[in-house]
1. Filter segment 139-162 down to the residues that are closer than 17 Å to Q174 by Cβ and surrounded by 17 or more Cβ atoms within 10 Å (Cβ to Cβ) and list them by number.
2. Evaluate the following for A60: is it surrounded by fewer than 18 Cβ atoms within 10 Å (Cβ to Cβ) and out of contact with any Cys (no Cβ under 9 Å at 6 or more places or on another chain)?
3. Determine, yes or no, whether P28 is under 26 Å from A218 (Cβ atoms) and either aromatic (F, W, Y) or surrounded by fewer than 21 Cβ atoms within 10 Å (Cβ to Cβ) (or both).
4. Quick one: is N208 among the polar types (S, T, N, Q), farther than 24 Å from L118 by Cα and touching a residue at least 12 places away in the same chain (Cβ under 8 Å)?
5. In the set V183, V224, which member is touching a residue at least 60 places away in the same chain (Cβ under 8 Å) and open to solvent by less than 50 Å² (accessible area, probe 1.4 Å)?
6. How many residues does segment 80-133 hold that are at pLDDT below 95, among the hydroxyl-bearing types (S, T, Y) and within 20 Å of the chain's Cα centre (by Cα)?
Amino acid sequence: MPEAARFLLIGDSHAGAIGRAAQAAGIPFVGGPIGAGRDFIGRFHERCGEEIRWLHAGVAAYMDEFQRTLGGGPLGKLTIPVVSTIGFGAHFFAIHESWRIYQDRQQQYSPAFLAGPLFSKLIGVMAQDALALYRDLHDMGLRVLAVMPPQRVLETADPTIFFAAQEALKQHLQAIGIEVIDVRPEAAGPDGYQRPEYCEPNDTLHGNQAFGALILNALHQAGVGVMHESQ
């Protein structure tokens, strides 16, 4: 008989590296990317008892397929952890034009602003439905682990805001009770950006399979039990 899935993987395209690494390691799981990052900006879900109603048809179709694979029950009855990359599309929140009014005369941001309550609230508003999803899953009694993304910043995004937004999102999630998988100490260099060996080649945004393997190791360290005893 095939081994039971160790976790349900959901998210944007960043979930792909985790899935590829799990497949390469022979780790059974169900899931993968269910939408693009932009699909999780704005209102995209509703809680209906022990189920989530996904407002984008494509996302709903993927989730229906995954839940059928896991036995067809409601999401709230799931007995394995949920590993998710949803909500960490910080480059959407960090668009240059959105933040210029908060710069000083030297076009810099005050550290007090970036670490303060106004910035945290602004990021929380931008990510409010993603945060609401995590709260709904947590309130259903599910174990949810949110995975921070590769440290790769698109040209449209302000790097300072990008990095600070991730910290704000991490704090919001931890306040809900969500475990956050953060492999930045291993994957990022001293400048904060993704190390080349963890970048998908010919791509400006994603991590590679080695990055996914770092995340699997972090999941194992968190007690998800994704590794075989011989690994």
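1. L142, R143, V144, L145, A146, V147, M148, P149
2. Here the answer is yes, as A60 does meet what is asked.
3. Against the criterion (under 26 Å from A218 (Cβ atoms) and either aromatic (F, W, Y) or surrounded by fewer than 21 Cβ atoms within 10 Å (Cβ to Cβ) (or both)), P28 qualifies.
4. Yes; evaluated as a whole, the condition is true for this residue.
5. It is V224.
6. Summing the residues that are at pLDDT below 95, among the hydroxyl-bearing types (S, T, Y) and within 20 Å of the chain's Cα centre (by Cα) in segment 80-133 gives 0.
The values are calculated or read from the model by the stated rules, or taken from the named source; none is laboratory data. The structure presented is a predicted model; accordingly, all values stated were derived computationally and were not measured. Counting neighbours? That spans all protein chains shown, and the Cβs are built from the backbone with ideal geometry, glycine included. Quick note on the areas: whole protein, heavy atoms, side chains included, nothing else; ligands and nucleic acids left out. Shrake-Rupley method; radii C 1.70, N 1.55, O 1.52, S 1.80 Å.
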